[in-house]
Amino acid sequence: MFLRLGQFVCLVTVVLFHSASGYNLAVTCTGSSVEFANLNTDGNEVIGIAVLCGRLYAVCVSNETVYVFEDHTPYTRLETFTVPGMLPGDLTADEQRKRLYAIAWLPANEGGSRVWEIDPSTHSYVYYVNATHWTGTLSVTRDDKICGVSGDPRINMYDSTSGLTSLLLPATIVDPQHAIQTKYGTFYVSQGWKTGQPHRISKLDSSASTILNQFGSSLPGNGTLDLNWPHHLAIDRKNVYVYAADYWNRRVLKLNSLLTLHQTILSAADSPYVGWPQRLLYHPKRSCLYTAMAEQSMN
């Protein structure tokens, strides 16, 4: 079942969320209509998405299941498989290794968060690294390290050969939420989720010690578009634009490489189908942005 809405010219945008309409997948292509469809996750809320080898993978809140879909219309569900104990907080993919990586949120008395390495071709999995101090977001660096941010201002990067590398962030980056590395070695980091904190996106040098540009609260260049929990980031294939899931404002922003606003990609003010954006994924082969959304906000 599909719903097509009028013409829309922009970067391809894919939206995943649970809406009252029954549609949880929307695709917006350059010069074509907006297409809404239903991505079948058995009614579970999507918390992580990844694309690998032409398939779309999704994991859900408090759920051990990995959902596998065709990565094109009608986004048919192909299979599911289980990673016992996973209970994911995010999902990412490494094209070089052909592996998925999921971070499992666990309380401190159970050892803290863990990153799982998953081979989707065999459904096998291993603990890739214990990530006791990481939050629940992941990315893959330009040299295929698994990257996460910690509760203190720090970027952690890990691979099985060199082990753990930690980069200390500037002290003004409070409560980092997500970190991604560009092909040039620089980083984008989102920060802030509590009231009273600076809610910003920062571009940093390759050592993550120097802030090059910023966008967000009380900063020039953003006008009235203050961020309110910039929850997740993505970057396009050419590293020209960075995308931010602005959770409480229920929108997705497109910024240029200097962190000046270029476009509001999605906004609840423009469409009743836009929920609370939780996860972003840029698909380089299709030149599209995927946004996983929640039907109800997290209190």
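The values are calculated or read from the model by the stated rules, or taken from the named source; none is laboratory data. Keep in mind it's a predicted model, so treat the numbers as computed, not measured. In this analysis, Cβ positions are derived from the backbone assuming ideal geometry, glycine residues included, and neighbour counts consider all displayed protein chains.
Looking at the stretch 256-299, which of the residues that are of a type in the set (K, R) and farther than 23 Å from F187 by Cβ is modelled with the highest pLDDT? Don't jump to the end; show me each part of the working.
Applying the first criterion (of a type in the set (K, R)) to the stretch 256-299 yields 279, 285-286.
Adding the requirement that they be farther than 23 Å from F187 by Cβ leaves 285-286.
Numbers: K285: 85, R286: 81.
Going through the qualifying residues, I end up with K285.
What residue, among those in the stretch 286-299 that are touching a residue at least 60 places away in the same chain (Cβ under 8 Å), in contact with a strand residue (DSSP E or B) (Cβ under 7 Å, 6 or more places away or on another chain) and at negative phi, is surrounded by the most Cβ atoms within 10 Å (Cβ to Cβ)? Lay out the reasoning, then the answer.
Start the filter on the stretch 286-299 by keeping residues that are touching a residue at least 60 places away in the same chain (Cβ under 8 Å), which leaves 286-295.
Cutting the leftovers down to in contact with a strand residue (DSSP E or B) (Cβ under 7 Å, 6 or more places away or on another chain) gives us 286-294.
Filter once more, so that each one left must be at negative phi: 286, 288-294.
Working: R286: 15, C288: 20, L289: 24, Y290: 25, T291: 27, A292: 29, M293: 26, A294: 20.
Only one residue fits best here, namely A292.
Condition check: out of contact with any strand residue (DSSP E or B) (no Cβ under 7 Å at 6 or more places or on another chain), surrounded by fewer than 15 Cβ atoms within 10 Å (Cβ to Cβ), of a type in the set (D, E, K, R) and at pLDDT 75 or above. Does D119 satisfy that?
Details: out of contact with any strand residue (DSSP E or B) (no Cβ under 7 Å at 6 or more places or on another chain): no; surrounded by fewer than 15 Cβ atoms within 10 Å (Cβ to Cβ): yes; of a type in the set (D, E, K, R): yes; at pLDDT 75 or above: yes.
The answer is no for D119.
Can you name the condition, by its number, that V14 falls short on among (1) under 26 Å from Q263 (Cα atoms); (2) buried (at least 22 other Cβ atoms within 10 Å of the Cβ); (3) modelled with pLDDT of 80 or more?
All conditions are met except number (3).
Would you mind stating whether S32 is at pLDDT below 65 and polar (S, T, N, Q)? Lay out the reasoning, then the answer.
On the way: at pLDDT below 65: yes; polar (S, T, N, Q): yes.
In short, yes.
Considering only residues that are part of a strand (DSSP E or B) and either hydroxyl-bearing (S, T, Y) or at positive phi (or both), look in the stretch 264-285 and name the one that is nearest to the chain's Cα centre (by Cα). Working first, answer last.
Filtering the stretch 264-285 down to residues part of a strand (DSSP E or B) leaves 264-267, 276-283.
Narrowing the set further to residues that are either hydroxyl-bearing (S, T, Y) or at positive phi (or both) leaves 264, 267, 282.
Values: T264: 17, S267: 17, Y282: 9 Å.
Checked the stretch 264-285; the qualifying residue nearest to the chain's Cα centre (by Cα) is Y282.
Just to be sure before I move on: is V140 surrounded by 15 or more Cβ atoms within 10 Å (Cβ to Cβ) and at pLDDT below 90 in the structure I sent? Spell out how you get there, then give the answer.
Working: surrounded by 15 or more Cβ atoms within 10 Å (Cβ to Cβ): yes; at pLDDT below 90: no.
The answer is no for V140.
Given the structure, is N239 surrounded by fewer than 18 Cβ atoms within 10 Å (Cβ to Cβ) and either part of a strand (DSSP E or B) or among the polar types (S, T, N, Q) (or both)?
yes
State all residues of the stretch 147-182 that are outside any strand (DSSP E or B), closer than 21 Å to Y128 by Cβ and touching a residue at least 24 places away in the same chain (Cβ under 8 Å); if no residue qualifies, say none.
At the first step, the residues of the stretch 147-182 found to be outside any strand (DSSP E or B) are 151-153, 160-162, 169-175, 182.
The next check asks that each one be closer than 21 Å to Y128 by Cβ; those that pass are 151, 160-162.
Matches in the stretch 147-182: G151, S160.
Within the stretch 242-255, which residues are part of a strand (DSSP E or B) and more than 16 Å from F187 (Cβ to Cβ)?
Listed by number, the residues that qualify are A245, D246, R251, V252, L253, K254.
How many of the residues in the stretch 132-187 are of a type in the set (S, T, Y), closer than 23 Å to E117 by Cβ and touching a Pro at 6+ places or on another chain (Cβ under 8 Å)?
Residues of the stretch 132-187 that are of a type in the set (S, T, Y), as a first pass: 132, 135, 137, 139, 141, 150, 158, 160-162, 165-166, 172, 182, 184, 186.
Right, trim to closer than 23 Å to E117 by Cβ and you get 132, 135, 137, 139, 141, 150, 158, 160-162, 165-166.
Now drop any that are not touching a Pro at 6+ places or on another chain (Cβ under 8 Å), which leaves 135, 150.
Of the residues in that region, 2 qualify.
If you scan the stretch 190-205, which residues turn out to be loosely packed, with under 13 Cβ neighbours inside 10 Å and either closer than 21 Å to L261 by Cβ or of a type outside the set (S, T, Y) (or both)?
Residues satisfying the conditions are K194, G196.
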